[in-house]
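Trainee: If you scroll down you'll find the structure; I have some questions about it.
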Amino acid sequence: MKIFLINIIFCVFLFGDEYSFFYANSYTQKDLVFDNSAQIFSDKSKKKTILLIGDSIMEGIFLGFKKLNLPPNLNVVSAAKQSTGLVNQKFFDWQNALENELKTLKGDVLVVVHFGPNDMLNAKINGQSVAFGDRKWREFYATQVQNIYKIVRKHKHEIAWLQTPCMKRDDLRKGMPILNEIYALAAKKNGANFINTNRFFCKNGDIILEKNIDKQQVKLRAKDGIHLSIAGAKIIAQKIIENY
């Protein structure tokens, strides 16, 4: 109890009311993973577009979409780019890229986002290198995430953020809760969907590499324990289509 109270005080001091909300209400990592399944597009006859942005995991999810029989009124577009994230804007500026993508799309658009593994690095803030997970790093990264929401809302479109699934590598596995907490908080703040991916690919925090589906053993993850297999990507793609 003593340690828990210290954590609450620490998080209130570091992050203010928004971050302390989770700790003060005894949220766990499991609690942070919510899935608002309300359908965003109520009119199923209207033409709509799903725009995928993110890293190589999202590139794989796009391949999952291509394996599905999509509704005739649905167009899926991928702007995902491997090795990218939100920390290193000099390498790739997602805010600028998203602006340009949305300018070309008409009608109802749902932007689906996945970042994570490529953002577990130090950030350059005001000319100084700040370590991943540090207070200033979290504040900086939360701002980067919020900027994505601002761009989507400015164009009057909808957004859903994918939880980064658990990973095989120890360093990635330990870093995912930090990132997912920021993603979940931002989704809650913006009234957006934060889609639980761990329900399909993890059990008790451990990665599920394969699963029995329809009496067949199916690989869900790539050998690296980071990316999804085509079957795993199809699961996420189908989940998105079912809800939207």
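We did not get these values from a lab; they are worked out from the coordinates using the rules stated. Values in this document were obtained by computation on a predicted structure and should not be read as measured data. With ideal geometry, Cβ positions are generated from the backbone for all residues, glycine too; neighbour counts draw on all protein chains shown.
Trainee: Just checking, how many residues over segment 209-241 are over 15 Å from Asp55 (Cβ atoms), over 19 Å from the mean Cα position of the chain (by Cα) and charged (D, E, K, R)?
Mentor: The total comes to 6.
Trainee: Hey, can you tell me all the residues within segment 144-163 that are crowded, with 21+ Cβ neighbours inside 10 Å and of a type in the set (Phe, Trp, Tyr)?
Mentor: Correct list: Trp161 only.
Trainee: If you don't mind, another one. When the residues of segment 225-242 are narrowed to those that are hydrophobic (A, V, I, L, M, F, W, C) and outside any helix (DSSP H, G or I), which ends up nearest to Asn212 (Cα to Cα)? It would help to see each step written out before you state the result.
Mentor: Step one: filter segment 225-242 for residues hydrophobic (A, V, I, L, M, F, W, C), giving 226, 228, 230-231, 233, 235-237, 240-241.
When the remaining residues are screened for being outside any helix (DSSP H, G or I), the result is 226, 228.
On the way: Ile226: 20, Leu228: 16 Å.
Among those that are hydrophobic (A, V, I, L, M, F, W, C) and outside any helix (DSSP H, G or I), it is Leu228.
Trainee: Restricting to segment 171-199, what's the tally of residues that are part of a helix (DSSP H, G or I) and either of a type in the set (Val, Ile, Thr) or more than 30 Å from Phe140 (Cα to Cα) (or both)?
Mentor: So the first thing to find is which residues in segment 171-199 are part of a helix (DSSP H, G or I), and the list is 171-190, 198-199.
If we keep only those that are either of a type in the set (Val, Ile, Thr) or more than 30 Å from Phe140 (Cα to Cα) (or both) too, we end up with 178, 182.
Going through segment 171-199 one residue at a time, the tally reaches 2.
Trainee: If only one of Arg153, Arg199, Arg135 is over 30 Å from Asn69 (Cβ atoms) and out of contact with any helix residue (DSSP H, G or I) (no Cβ under 7 Å at 6 or more places or on another chain), which one is it? Steps first, answer last, please.
Mentor: Numbers: Arg199 fails: over 30 Å from Asn69 (Cβ atoms); Arg135 fails: out of contact with any helix residue (DSSP H, G or I) (no Cβ under 7 Å at 6 or more places or on another chain).
None of the others qualify; the one that does is Arg153.
Trainee: Let me ask something additional. Name the residue, out of Asn198, Asn193, that is surrounded by 15 or more Cβ atoms within 10 Å (Cβ to Cβ) and closer than 24 Å to Thr49 by Cα.
Mentor: Details: Asn198 fails: closer than 24 Å to Thr49 by Cα.
After ruling out the rest, the residue left standing is Asn193.
Trainee: Being basic (Lys, Arg) and touching a residue at least 12 places away in the same chain (Cβ under 8 Å) is the filter here, so list the residues in segment 145-171 that pass it.
Mentor: If the condition is that a residue be basic (Lys, Arg) and touching a residue at least 12 places away in the same chain (Cβ under 8 Å), then Arg153, Lys168, Arg169 are the ones that fit.
Trainee: Evaluate segment 69-91: report whether one residue or more is of a type outside the set (Val, Ile, Thr) and in a helix (DSSP H, G or I).
Mentor: There is no residue in segment 69-91 that is of a type outside the set (Val, Ile, Thr) and in a helix (DSSP H, G or I).
Trainee: Please find, within segment 114-144, the residue that is nearest to Lys90 (Cα to Cα) out of those that are of a type in the set (Asp, Glu) and in contact (Cβ under 8 Å) with a residue 40 or more places away in the chain.
Mentor: Taking segment 114-144 and keeping what is of a type in the set (Asp, Glu), we get 119, 134, 139.
From the residues that got through so far, the ones that are in contact (Cβ under 8 Å) with a residue 40 or more places away in the chain too are 119, 139.
Values: Asp119: 13, Glu139: 19 Å.
Here the answer is Asp119.
Trainee: Continuing with the same structure: Taking Arg199 as the residue in question, decide whether it is of a type outside the set (A, V, I, L, M) and closer than 24 Å to His227 by Cβ. I'd like the intermediate steps shown before the answer.
Mentor: Working: of a type outside the set (A, V, I, L, M): yes; closer than 24 Å to His227 by Cβ: yes.
Criteria met by Arg199.
Trainee: Tell me, which residue of segment 109-168 that is assigned to a strand (DSSP E or B) and out of contact with any strand residue (DSSP E or B) (no Cβ under 9 Å at 6 or more places or on another chain) is farthest from Gly232 (Cα to Cα)?
Mentor: Within segment 109-168, the subset assigned to a strand (DSSP E or B) is 109-114, 123-125, 128-130, 158-162.
Next cut, out of contact with any strand residue (DSSP E or B) (no Cβ under 9 Å at 6 or more places or on another chain) only: 125, 128.
Numbers: Ile125: 36, Gln128: 39 Å.
Per the criteria, the residue is Gln128.
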